[in-house]
Amino acid sequence: MKWVKRIAIAIVGFISIIVFSAYIYVTQVRSIKLSDTVPPIDQNREAKALTAFFGLDELPMQSLLLYYKAPGKNGMPLVFSQELDPATINSSDFEVTTKDGMKHKVEFVTLRPAEEEFELRTLLFIGEYGIHPENPPVIVKVVDDLFSRSGQNYKGQVIPVIPLPDGPTISYAEHFIIDDDYPYVESGRGCDCPKDETSIVVRTVWAGGVRALNGKELGDPELSAFTVHMVKDQDTIEVTPFKLADLGDNDNNIDLCLKEMGIPISVVAAANIAIDPRNDPNPSTKSRVFSRW
């Protein structure tokens, strides 16, 4: 009866995976961090849906930690210009249209893994949203109430989908300083720039998660590939970060640590320094840099 024992062990193992995934999901959802203060400047800026990225057509087994039905399904991150109000996020808020004109409901949506303070501007869709290249997703529409933390409604906004073979680009960037009120994380996954050495941080939010070309975290070899244009006194200067931060947490936020003082106005990343989860390299990508405050 060895086969019965083997089947029983397999069933117990499968159930354990499901239970563990559910535990991780519940504990991680509870760890979403709302910043104490919503930047007041957001009240005067239009909240926009920026990018939708057909990032993966087959999510790996590790995606069980996000959603128990995720492996093998599509993954599509969406980036917004302002942080989202988590209480208003629902899968029924969205509709995905494929090339053939068919409209699809969203199966599952989450803020993970970009769930730290001041990061809540990226949603991840998981489900079946078309097949590349025959019938890929082409449009995402916000069809119901979805509010930013400043109270603006994204309802009605339409986003063209970045195709599957395209590499990752910078969707949004902002600058801020690490002051006494900043929720500083000194070490570990997702830790911040070195406080004593950093004058200004430029946060880049990519269309999807990124790694270096060798599959490891972005780091010192990529520093010179980032250029920040900064206004200093009456001049515009170009600077490069001395360090990258907010690493190791599998999200789409990469912080550039700058020593120079000034007002960052744009950031450029050179081509072929980063890959998305499908190993597609990035094109040269540029973004305006907004002030958080």
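The values are calculated or read from the model by the stated rules, or taken from the named source; none is laboratory data. The structure presented is a predicted model; accordingly, all values stated were derived computationally and were not measured. Backbone-built Cβ (ideal geometry, glycine too); neighbour counts: all protein chains shown.
Might you let me know whether the range 222-241 holds any residue that is small (Gly, Ala, Ser), under 13 Å from ILE170 (Cβ atoms) and buried (at least 20 other Cβ atoms within 10 Å of the Cβ)?
no
Can you name every residue in the range 33-60 that is under 22 Å from PRO168 (Cβ atoms) and not in a strand (DSSP E or B)? Please lay out each step first, then the result.
Going through the range 33-60, the residues under 22 Å from PRO168 (Cβ atoms) turn out to be 48-60.
LYS48, PHE54, GLY55, ASP57, GLU58, LEU59, PRO60 - these are the residues of the range 33-60 that are under 22 Å from PRO168 (Cβ atoms) and not in a strand (DSSP E or B).
Would you check which residues across the range 162-176 are surrounded by 13 or more Cβ atoms within 10 Å (Cβ to Cβ) and farther than 20 Å from LEU84 by Cα and list them?
Hits for the range 162-176 are ILE162, PRO163, LEU164, ASP166, GLY167, PRO168, THR169.
LEU120: at pLDDT 95 or above, within 16 Å of the chain's Cα centre (by Cα) and surrounded by 20 or more Cβ atoms within 10 Å (Cβ to Cβ), yes or no?
On the way: at pLDDT 95 or above: yes; within 16 Å of the chain's Cα centre (by Cα): yes; surrounded by 20 or more Cβ atoms within 10 Å (Cβ to Cβ): yes.
For LEU120, the condition - at pLDDT 95 or above, within 16 Å of the chain's Cα centre (by Cα) and surrounded by 20 or more Cβ atoms within 10 Å (Cβ to Cβ) - is met.
Quick one: is HIS175 assigned to a strand (DSSP E or B) and closer than 24 Å to ILE41 by Cα?
So HIS175 fits the description; yes.
When you go through (1) surrounded by 22 or more Cβ atoms within 10 Å (Cβ to Cβ); (2) touching a His at 6+ places or on another chain (Cβ under 8 Å); (3) free of Cβ contacts under 8 Å to residues at least 60 places away in the same chain one by one for VAL202, which number turns out not to apply?
VAL202 satisfies all of (1) surrounded by 22 or more Cβ atoms within 10 Å (Cβ to Cβ); (2) touching a His at 6+ places or on another chain (Cβ under 8 Å); (3) free of Cβ contacts under 8 Å to residues at least 60 places away in the same chain except (3).
Can you pull out every residue in the range 248-257 that is under 17 Å from THR169 (Cα atoms) and either crowded, with 20+ Cβ neighbours inside 10 Å or modelled with pLDDT of 95 or more (or both)? Spell out the reasoning first.
Applying the first criterion (under 17 Å from THR169 (Cα atoms)) to the range 248-257 yields 250-256.
Those that are under 17 Å from THR169 (Cα atoms) and either crowded, with 20+ Cβ neighbours inside 10 Å or modelled with pLDDT of 95 or more (or both): ASP251, ASN252, ASN253, ILE254, ASP255, LEU256.
What is the residue count in the range 234-284 for residues that are among the charged types (D, E, K, R) and more than 25 Å from GLU186 (Cβ to Cβ)?
Within the range 234-284, residues that are among the charged types (D, E, K, R) and more than 25 Å from GLU186 (Cβ to Cβ) number 5.
Could you please find all residues in the range 130-153 being in contact with a helix residue (DSSP H, G or I) (Cβ under 9 Å, 6 or more places away or on another chain), among the β-branched types (Val, Ile, Thr) and not in a loop (DSSP other than H, G, I, E, B)?
Of everything in the range 130-153, just one residue is in contact with a helix residue (DSSP H, G or I) (Cβ under 9 Å, 6 or more places away or on another chain), among the β-branched types (Val, Ile, Thr) and not in a loop (DSSP other than H, G, I, E, B), namely VAL142.
Answer with yes or no whether GLY190 is of a type outside the set (Ser, Thr, Tyr) and either in a strand (DSSP E or B) or modelled with pLDDT of 95 or more (or both).
So GLY190 does not fit the description; no.
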